[in-house]
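First up is the structure itself, then whatever we jot down about it.
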Amino acid sequence: TLRTCRHRCCYSMQLRNRGIPGHLARGQSASERETEESETTEAETDGDGYMADNYAHDTPKANKTRGGESIKKTDNENFENLQASSKWFPNAYRPPKPEEESPEELARRKRTEFWVRTRWTFAMFLSFLLIIASGHPYVVLLIIAIKIGMFKEILSLKRDREKDKRIPYFRSLNWWFFGVTIYFVYGRVLQLHIQVVHLEHNVIGWLSDHHNLKGFVAWMLGFCTFILSLEKGAYKYQFTQFGWTHMTLMMVVVTASCMVSNIFAGMIWFFLPVCLVVWNDVYAYVFGRAFGKTPLIKISPKKTWEGFLGALVTTVIFGWWAGYLLPYFEYMTCAQEELTLAPFPKMVCSVDPMFEPTWVVPVPAFLGLGPSIRLTPFMGHVTSLSIFASIVAPFGGFFASGFKRAFKVKDFGDLIPGHGGITDRMDCQIIMSVFVAVYRNSFLLSTIQTSVAKVLSQVDLLPREAKLELLARLQAALRNE
């Protein structure tokens, strides 16, 4: 008898492993099984015929108490546990229904989100103006801080914390590569300006000497450490992360070096494009909420043609106004050729012909501005920048929307209340900064002109005897004048 029972139990388990229902495995007929199921009480099913939660041994109770405090599992967690424990009835449990908000609650939540977003927008813009006025090096530090946040947010999309624990110094290597890229790329942009400060600051001079070689050696050190850190069973993950890290560095850090180049070419080439993108984003939202009916692109369903065209017109008008006003400030138009750490510097330079009002434009009499007004050639460049910020730069936001949908996240982060992460605010700015740098190099840069800063950068490379000889000749030349 024991042998027979053992054989029947083993045979029943084999049938179950093959996917055969339990009542057939136990030798029950279909009619016997139907009779047994009909005796199920109403308490085991809900009103829609779905099975009730009788898996108390697998799923925690809805409410538990610990020290007098009520702890409640969410509906989503209960649903996932029930689906996992339901072997024979994978569709027996319905997903939890989302709680519907009343119209009053929905309106209240939208008002709260709007005011939170508005307050943080003004706070960020005022902080941005303060940093702009502080000086060029502080703006560069702001850009580096922004890139740190973007790098962290994008890396977290592909991070597996359990695997990271098995790999020594893996995350530290990612940040090592980030630091090396910052040093190498931004150093090349700032090398001319750093050589001027070399006469006063030995540390900066050491960083600028043999810059390319030091950058390459630092990267190779990280590369060799990565090879030595390879762990069996995690090769695919480690090499995927290696490629993901360097792709992120290329798209975030390398492209953002154009911002640094634009800053030292004249603050207007950094400040105005940033304002154009922000203005376009705000008024695309305003016109879209007020008049939006026609969808613009599938990847971002909330974008509309009405918002897109309304933002285009208002951005061009804003660009003309800003392009007319900003050239009156020397701090905006002067190129920074020396790296000074003094906050709120006073910039003095010769006026670039591009910022002189040489265009005479007739105006209608009803405007009351006289028969004509004088504009600068810079207005033509502002028009090009405004059109690009309105038509092409938004595709950076569309790219970010598709990127987030691919990873099934709403925002890249939650650092900025009402706005999401840093990457959510910088997606269009990167494309805009690259365009400005390419535009300047293609249409505005003329032949190389000599300046005091450039002469000093060459003098600093001379040996001491040559510097003394140069000084004597300069003194002689000044005495003869």
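The values are calculated or read from the model by the stated rules, or taken from the named source; none is laboratory data. Given the structure is predicted, the values throughout are model-derived calculations rather than measurements. Positions of Cβ are backbone-derived with ideal geometry, glycine not excepted, and every protein chain shown enters the neighbour counts. SASA here: full protein model, heavy atoms, side chains in, ligands and nucleic acids out. Shrake-Rupley method; radii C 1.70, N 1.55, O 1.52, S 1.80 Å.
For L369 and S134, the FRET efficiency from 1/(1 + (r/R0)^6), where r spans their Cβ atoms and R0 equals 25 Å, is about 0.10. Averaged over residues, the count of other Cβ atoms within 10 Å places the peptides 310-321, 282-293 in the sequence 310-321, 282-293, highest first.
Separation of the alpha carbons by more than 32 angstrom is noted, of K163/K302; K110/K147; K236/K303; K232/K408; K232/K298, for K163/K302; K236/K303; K232/K298.
Fully extending the segment from R109 to R188, taken as 0.36 nm per residue of separation minus the present Cα-Cα distance, adds 23.6 nm. Calculated on C-alpha atoms, the gyration radius of region 203-275 divided by its Kirkwood radius gives an Rg/Rh of 1.14. Average accessible surface for region 197-355: 56 Å² per residue, computed with a 1.4 Å probe over protein heavy atoms with every protein chain in place. Values of log10 I(q)/I(0) for region 210-353 across q = 0.10, 0.11, 0.21, 0.22 Å⁻¹ run -0.67, -0.76, -1.22, -1.28, by the Debye formula with one identical scatterer at each alpha carbon and no solvent. Between T358 and V116, the FRET efficiency estimated from the beta carbon spacing at R0 = 35 angstrom works out to 0.15. Here V286 and S442 are evaluated by their C-beta separation; at R0 = 25 Å the FRET efficiency comes out at 0.15. Each principal axis of region 284-436 carries a Cα extent, and these read 53, 49, 25 Å when sorted largest first.
Over all alpha-carbon pairs in region 311-390, figure out the percentage whose distance exceeds 14 Å. Looking at region 311-390, the distances longer than 14 Å represent 70 percent of pairs. Ranked by the mean number of other Cβ atoms within 10 Å of their residues, highest first, the peptides 179-189, 225-235, 164-174 fall in the order 179-189, 164-174, 225-235.
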